[in-house]
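Values in this text are rule-based calculations from the coordinates and carry no lab data. Owing to the predicted nature of the structure, the values given are computational and were not obtained by experimental measurement. Quick reminder, even Gly has a Cβ in these numbers, built from the backbone with ideal geometry, and neighbours come from all protein chains shown.
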Amino acid sequence: MWPWGDGGVVWGDRWWSKLAIDDWLNPGGLRVQGNGDGHERAPGMGRRRFLQTSVGTLGLAPLMAAGTHPAWTRIPGAPFSNYGQPAASESGVIRWISANADVPGNGVSWTPLQDLVGTLTPAGLHFERHHNGVPRIDPALHTLTLHGRDARATRWTVAKLLRYPLVSRQLFIECGGNSNSGWLQEPPQAAVGWLHGLVSCSEWSGVPLSLLLEEAGVARRSGWLIAEGSDAFGLHMSLPLEKAFDDCFIGLYQNGERLRPENGYPMRLIVPGWEGVLHVKWLTRLEVADVPAMSRNETARYTELLPGGRARQFSFFMEAKSLITRPTLGDALAPGDYVDIAGVAWSGRGRIRRVEVSVDGGGSWQDAELQAPVLPVCFTRFRLPWRWDGRRAVLQSRAIDVTGYVQPGREALLAARGRWGYFHYNAVVSWAVDEDGFIAHVYA
Amino acid sequence: MPALGERLDPEAIALLPQTLFADGRGLPSGRGTVRQGALLYARLCVQCHGPDGRGGSAPELAGGRSPLAGDYPDQNIGNWWPHATTLFDFIRRAMPMFAPGSLSDAECYALTAWLLERNGLWPEDVPLDAAGLGAVRMPNRDGFDSQWPDRGPPHP
């Protein structure tokens, strides 16, 4: 219990009860019960409830001399924690889940891009795409086997892989299906992360795949490598052996700690710059072959139907893209407001060279400032200071990458790709500010 | 560099899962009939994929024949999938989603036979086996253009 008397404390011009302070500091519904810090309470006594209490019941309490120090400076703070959690008042910063009601493990959860800054995504907010749930893998029993054409069949335990020299790279991963609501005829109304948040960026660390291929005696760089996961979907994908030798690695760590279960624990394939589904999670088998497997997820899915009826297959690269992450839908501006237009850009082909921002729906463009360092195949943060004059505005960003490729406008993308491409949607995204300062997602 | 992997002996290699390829390599022995497949579908699949494979909470498998070049293309098995072997492989590894890996090879052949029959790609009275499945030519087999080897960013 808190070590002060029943009288509570004074902060500002108000007397605060002990119970109310306790509640303010530790909103009830969010705490982990029984973690040893000695504070147990009924759930649901959160901040909102406290505010009601403070103007109601507490208004009758004796008013004491006005103080100047906040309540939390008058009491000892919370004790240490074995694994830190976000502040309770940040509980609204979450992944939004869209899953199949008949198969709860089949769906996605979206990174809340609108709530994040910088270039690294916290592991617990990294987007998820699972086809049949997150397997609960015993790392002592999990192995990685490499076999097939030219290979001397070789198997590694997790413990053995952890002993190899590790590489670390800050890399984005984007689902091939990210932003696919952009194909809809009318723009869906949601904050940026709930439409485009199947992309995240982490520092991944692991064993270069080239080391394992060489250890197994694989010398030829032509052909394919089929990667298979140890989940209830048995997801398997083919990638060119050339890419495997070039820069792929077996990801074991994310942002310095071992992978989270939903990000592939104990190991996943990292395929820098290529579509997310190739970064096979819960990786357990690699087979060298002369041809791709033609698995379901590289034929019936993750391929793009074009106008005319033909389809793109093995469209591996995630092309340059950018998003304004603030302001976003849900924000409201006032005339004269200073607004730091900010967002992220990335390209599967290397560095972002430039990001341009328009506040007039593409009529004119200005170079945004890029946050250093600008790393290849990594989130690049951009910003452009702006003052809203109270008139309708349409905010857009477009990325230009190291190849000179310019992120296309939506009309150009639809003209080239039709209405049923579904995957690899990377068109410019537009946000309108109306005369009242409200923000809407628009097609412009 | 370390070389910490364990070399597998022939016995262990023989136990490894083998990838099933589009030319039929890797197909197991066994056979199944269209009628057996219909019964299995009614028991295990219809609740998500809908009557006759017309779709539900899970994708449409058969039925629509609107062309891929049209305004409302049907991306189902008969219209869209390039390889019949993929169907067998996917059923065997992932279906039904509440009990993946629970079907025998014969049951996978039966379900594949029924789905091919519903799409007009397999006769009702002929059991399906490895030789038969490997020989099925899907209507959209040549409808996909590989973007690898890479030729640089597309526009757009």
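When the Cα positions of A:LEU211, A:ILE97, B:GLY120 are compared along the charge dipole of the protein assembly as shown, A:LEU211 comes out farthest toward the positive end, with charges on each C-beta of Lys, Arg, Asp and Glu.
Per-residue extension of 0.36 nm, minus the Cα-Cα distance of A:GLU214 and A:HIS69, leaves a gain of 45.8 nm for this segment. On the basis of the beta-carbon distance and an R0 of 60 Å, A:ASP360 and B:ASP9 show a calculated FRET efficiency of 0.30. Got a sec? Which residues in region A:120-154 would a label at B:SER57 touch, if it sits 7 Å along Cα→Cβ and we count backbone N under 14 Å? Answer for this model: A:132-133.
Our analysis of the protein assembly as shown gives Rg over Rh at 1.03, with the two radii drawn from alpha carbon positions and Rh computed by the Kirkwood formula.
The percentage of C-alpha pairs in region A:128-312 whose separation is greater than 26 Å is 32%. Model label points for A:ALA78 and A:TYR338, set 7 angstrom from Cα along the Cα-to-Cβ axis, are 3.3 nm apart. The A:SER89 and B:ARG137 beta-carbon pair, evaluated with R₀ = 45 Å, returns a calculated FRET efficiency of approximately 0.15.
Here the residues A:MET267, B:MET138, B:MET1, ranked from fewest to most Cβ neighbours within 10 Å of their Cβ, fall in the order B:MET1, B:MET138, A:MET267. Charges were assigned to the Cβ only: +1 to each Lys and Arg, -1 to each Asp and Glu. The resulting dipole of region A:246-309 about its Cα centre is roughly 340 debye. Cross-link reach is defined here as a Cα-Cα straight distance under 12 Å, omitting same-chain residues fewer than 8 places apart; for A:LYS243 the aspartates and glutamates meeting it are B:ASP150. The convex hull around the C-alpha trace of chain B, projected and averaged over every direction, spans 13.9 square nanometres. Rounded to the nearest 0.05, the FRET efficiency derived from the C-beta distance between A:ARG310 and B:ASP150 at R0 = 22 Å is 0.75.
Percent of C-alpha pairs per 5 Å bin in region A:267-414, short distances first: 2, 8, 14, 17, 15, 13, 12, 8, 5, 3, 1, 1, 0.
Using bins of 10 Å that start at zero, the share of Cα-Cα pairs per bin across region A:83-158 amounts to 14, 28, 29, 21, 7, 1, in whole %.
Just to confirm a number: summing +1 for Lys and Arg and -1 for Asp and Glu over residues other than A:VAL406 whose beta-carbon lies under 12 angstrom from that of A:VAL406, what do you get? Computed value for this residue: +1. Each helix, a run of at least 4 DSSP H residues, gives -39500 (n - 2.57); summed and divided by the residues of the protein assembly as shown, these come to -4500 deg cm²/dmol at 222 nm.
Dipole of region A:321-442 computed with +1 at Lys/Arg Cβ and -1 at Asp/Glu Cβ about the Cα centre; of A:VAL442, A:VAL359, A:LEU375, farthest Cα towards the positive end is A:LEU375.
Extension gain, B:GLN18 to B:ARG35: 0.36 nm times the residue separation minus the Cα-Cα distance gives 3.3 nm. Charged side chains reduced to their Cβ positions (Lys and Arg at +1, Asp and Glu at -1) give region A:275-404 a dipole of some 160 debye around its Cα centre. Local charge for A:PRO240 was computed over the other residues whose Cβ lies under 11 Å away, with Lys and Arg +1 and Asp and Glu -1, and equals -1. Mean silhouette area of region A:148-215, derived from the convex hull of its C-alpha atoms and averaged over all directions, reads 7.5 nm².
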